[in-house]
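Q: This is the structure, below, for whatever I ask next.
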Amino acid sequence: MTAADDPSPMPHRQDPCRTSDVLGIVGDKWSLLVVRNLSQGPRRFTELKRATTGISQRMLTVTLRSLERDGILTRTVHNVMPPHVSYALTPMGTTLREATAPLLEWSTRNLDGIHAARGAYDSREGTAPGGP
């Protein structure tokens, strides 16, 4: 049997367009922050909103729906008065959190250096903060 005859799915033979679609999850800062904020267990919408600094209510809603659609988290409606909803990572969501934890840790460790480099660049190039 040759490699071309092998029916098993191999990551290097995946459609690059489909792969980039999935990588969009990893490239979305809000998704990664929500996944990180769910790492300690299920949370309610308001808890996620408080824990995800800077996110609007609308963007959190959009992000949660997208992550639910992708199978990264589950949404559970609790039959209590008043009803409330909680979100939790799925097993796939847990593996995403594990895979991206080093990136989030790197971001935290290098935040000051990145801000300093941006300030130096902006001063040198005469550009306003945030880009040209």
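Q: Just to be sure I understand, how many residues within region 86-123 are under 19 Å from residue 71 (Cα atoms) and among the acidic types (Asp, Glu)? I'd like the intermediate steps shown before the answer.
A: The first filter runs over region 86-123 and keeps only residues under 19 Å from residue 71 (Cα atoms), leaving 86-101.
Within this subset, residues satisfying the condition of being among the acidic types (Asp, Glu) are 98.
Going through region 86-123 one residue at a time, the tally reaches 1.
Q: Among the residues of region 110-123, is there at least one that is under 24 Å from residue 25 (Cα atoms), under 16 Å from the mean Cα position of the chain (by Cα) and not charged (D, E, K, R)?
A: Looking through region 110-123, none of the residues is under 24 Å from residue 25 (Cα atoms), under 16 Å from the mean Cα position of the chain (by Cα) and not charged (D, E, K, R).
Q: Follow-up question, since we're still on this one. Residue 77 versus (1) more than 22 Å from residue 101 (Cα to Cα); (2) of a type in the set (A, V, I, L, M, F, W, C); (3) surrounded by 11 or more Cβ atoms within 10 Å (Cβ to Cβ): which is the lone unmet condition?
A: Checking residue 77 against (1) more than 22 Å from residue 101 (Cα to Cα); (2) of a type in the set (A, V, I, L, M, F, W, C); (3) surrounded by 11 or more Cβ atoms within 10 Å (Cβ to Cβ), the one that fails is (3).
Q: Among the numbered criteria (1) at pLDDT 95 or above; (2) in contact with a strand residue (DSSP E or B) (Cβ under 7 Å, 6 or more places away or on another chain), which single criterion is violated by residue 83?
A: (1)
Q: Of all residues in region 98-132, which are among the hydrophobic types (A, V, I, L, M, F, W, C) and in a helix (DSSP H, G or I)?
A: Pass one, region 98-132, residues among the hydrophobic types (A, V, I, L, M, F, W, C): 99, 101, 103-104, 106, 111, 114, 116-117, 120, 128.
If the condition is that a residue be among the hydrophobic types (A, V, I, L, M, F, W, C) and in a helix (DSSP H, G or I), then 99, 101, 103, 104, 106, 111, 114, 116, 117, 120 are the ones that fit.
Q: Now, a different point. Please note which helices (runs of 4 or more DSSP H) are completely contained in region 15-97 and include at least 1 residues that are farther than 20 Å from residue 108 by Cβ and among the aliphatic types (A, V, I, L, M). Before you say what the answer is, go through the steps one by one.
A: On the way: elements: 16-27, 29-37, 45-51, 57-69.
Of the helices (runs of 4 or more DSSP H) lying wholly inside region 15-97, those with at least 1 residues that are farther than 20 Å from residue 108 by Cβ and among the aliphatic types (A, V, I, L, M) span 16-27, 57-69.
The values are calculated or read from the model by the stated rules, or taken from the named source; none is laboratory data. This one's a predicted model, so the numbers in the text were calculated from it and none came from an experiment. Glycine gets a Cβ as well: all are built from the backbone with ideal geometry, and neighbour counts include every protein chain shown.
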